[in-house]
Structure formats: C-alpha cells, structure tokens
Amino acid sequence: MTARAKLLSAWIGDKPPWYAKFQSRMDKFQTLDWECLPHPDVPRGREMAWFNELGTRQLGTPCSKGQSINAICDFRPTFGEMFKEEYDGYEWWGWCDLDLLFSDRTDEILEELLTPEYDVVSFKRKYLSGCCVFLRNTDAICNLFRSDPYQQILADDRYHVWDESGYRHLPGVSFWNAIQRAGL
C-alpha cells in the first residue's frame, strides 16, 4: 500500500524524550508518512530563523515569528505551499504534534476518513484541531491561507493561534474560518 497522506511536525529545541518512540511508531504506518521539521542539518537555536527565512522565500512575504515554541504553529496553514515538495505525490497533507499517540489502527481509521466526500479532516467540532489535521492536497486548499491576512500574521512575532481557533490578536481570523468560508 502506498502512503496517501503526509504529516509534518514542527519542533524547536531539543527533541522530547519520547521522540524516538514517536518516530518508530510513525514509521510503521502504511497509509501515512511523517517528517519532523526543520531538517536535522539546521543548527540548534536557528530553527525559528530557518522557518522565517523559508517562509519569506516560499510565500513571498516577510516572516518574523518570535522564538515562542507555539508561534511556529502559525506557519501550519501555509505548509501546503511552504513544503509543496515534501507533500508532492500525496493525496492528503497536514500536520501533527509530537505528543500524540497514534492508534495501532491508524491505517484502518485513515482509510475510513480520507475519502472523496471530505476535503478536511479535523478532530474538533467547533474549530480546527491544531494537534492533527488532514487537508486534501489541491492547489485551492494549499493556497486557502491567502484568504486570511497571512502577511500580518506571519510578520508578527506573537502567536495568533491561526492554525486552530484564531482567538488571539485578530478576532475572527482563523484558518478554520477560512475553511468554512470556502465551504469545506
């Protein structure tokens, strides 16, 4: 079976004690590939700078997220474009946190969830689940973040919780709202 989806995780600093176990578990799935960013060659302490530089280059807008470990999450809605090459060939793209425990039945569950009737799979009812989300890999969905004031969000060093409910700093602005406005 070929993997249908790829999730990325963003991490700043030393990997958590359970990282090797998480990586080993993710390697077992057949429907899902996973990768942690930034790439291992990025020096410790330069992770956010790497994201800001890559975002500025790939998205064509100045990115200057601060050193907060959470601020990196504001990049998530742009992953479809920022990491287009990493997601190339997959029907679904998305992200996940490193502190999730994926079920032994993940392959089976994803086969039931990742169907043509859905474009977004989230695990919350009233907002996007920041811990894990799957989005259909289409240009329209990969560029959906552009319907929000992404330049303002990515240029601000504060965390806007844009990847979830967007309750901070810009009321009513969230990737969840963009998804709903698009009818997905």
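The values are calculated or read from the model by the stated rules, or taken from the named source; none is laboratory data. Just so we're clear, the structure is a prediction, and the values are computed from it rather than from any experiment. For neighbour counting, all protein chains shown are included, and Cβ atoms are generated from backbone atoms with ideal geometry for every residue, glycine included. All accessible areas refer to the heavy atoms of the entire protein, side chains included, with ligands and DNA or RNA removed. Shrake-Rupley method; radii C 1.70, N 1.55, O 1.52, S 1.80 Å.
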Select from segment 134-164 the residues that are buried (at least 17 other Cβ atoms within 10 Å of the Cβ) and in a loop (DSSP other than H, G, I, E, B) and list them in ascending order. ASN137, ASP148, ASP156, TYR159, HIS160, VAL161, TRP162, ASP163, GLU164
Tell me whether segment 11-31 contains one or more residues that are farther than 22 Å from ARG105 by Cβ, small (Gly, Ala, Ser) and in contact (Cβ under 8 Å) with a residue 60 or more places away in the chain. no
Please go through segment 21-48 and pick out each residue that is touching a Ser or Thr at 6+ places or on another chain (Cβ under 6 Å) and over 18 Å from SER68 (Cα atoms). PHE29
Name the pairs: first residue in segment 107-126 and of a type in the set (Val, Ile, Thr), second residue at pLDDT 95 or above and open to solvent by less than 90 Å² (accessible area, probe 1.4 Å), Cβ to Cβ under 6 Å, at least 6 apart or on different chains? VAL120/LEU135; VAL121/PHE134
In segment 147-184, the residues that are over 16 Å from MET82 (Cβ atoms) and acidic (Asp, Glu): ASP156, ASP157, GLU164
Any residue that is out of contact with any Lys or Arg (no Cβ under 7 Å at 6 or more places or on another chain), free of Cβ contacts under 8 Å to residues at least 40 places away in the same chain and basic (Lys, Arg) - is there at least one of those in segment 69-83? no
Would you confirm whether or not segment 140-160 contains a residue that is in contact with a strand residue (DSSP E or B) (Cβ under 7 Å, 6 or more places away or on another chain), free of Cβ contacts under 8 Å to residues at least 60 places away in the same chain and closer than 24 Å to CYS63 by Cβ? no
Residue check for ASP104: charged (D, E, K, R), in contact with a Ser or Thr (Cβ under 8 Å, 6 or more places away or on another chain) and within 29 Å of TRP18 (Cβ to Cβ): no
Long-range neighbours under 8 Å by Cβ, at least six apart or interchain, first residue in contact (Cβ under 8 Å) with a residue 40 or more places away in the chain within segment 48-64, second open to solvent by 60 Å² or more (accessible area, probe 1.4 Å): THR61/GLN151; PRO62/GLN151; CYS63/GLU53; SER64/ASP157
Evaluation of GLY172 against (1) open to solvent by less than 70 Å² (accessible area, probe 1.4 Å); (2) part of a helix (DSSP H, G or I); (3) farther than 26 Å from LYS15 by Cα (one fails), failing number: (2)
Which of (1) modelled with pLDDT of 90 or more; (2) more than 27 Å from LYS15 (Cα to Cα) is the odd one out, the single condition ILE153 does not satisfy? (2)
Scope segment 131-184; condition farther than 20 Å from ASP97 by Cα and among the β-branched types (Val, Ile, Thr); matching residues: THR138, ILE141, ILE153, VAL173, ILE179
Kindly state which helices (runs of 4 or more DSSP H) lie completely within segment 21-133 and contain at least 3 residues that are touching a strand residue (DSSP E or B) at 6+ places or on another chain (Cβ under 7 Å), at pLDDT 95 or above and crowded, with 21+ Cβ neighbours inside 10 Å. none
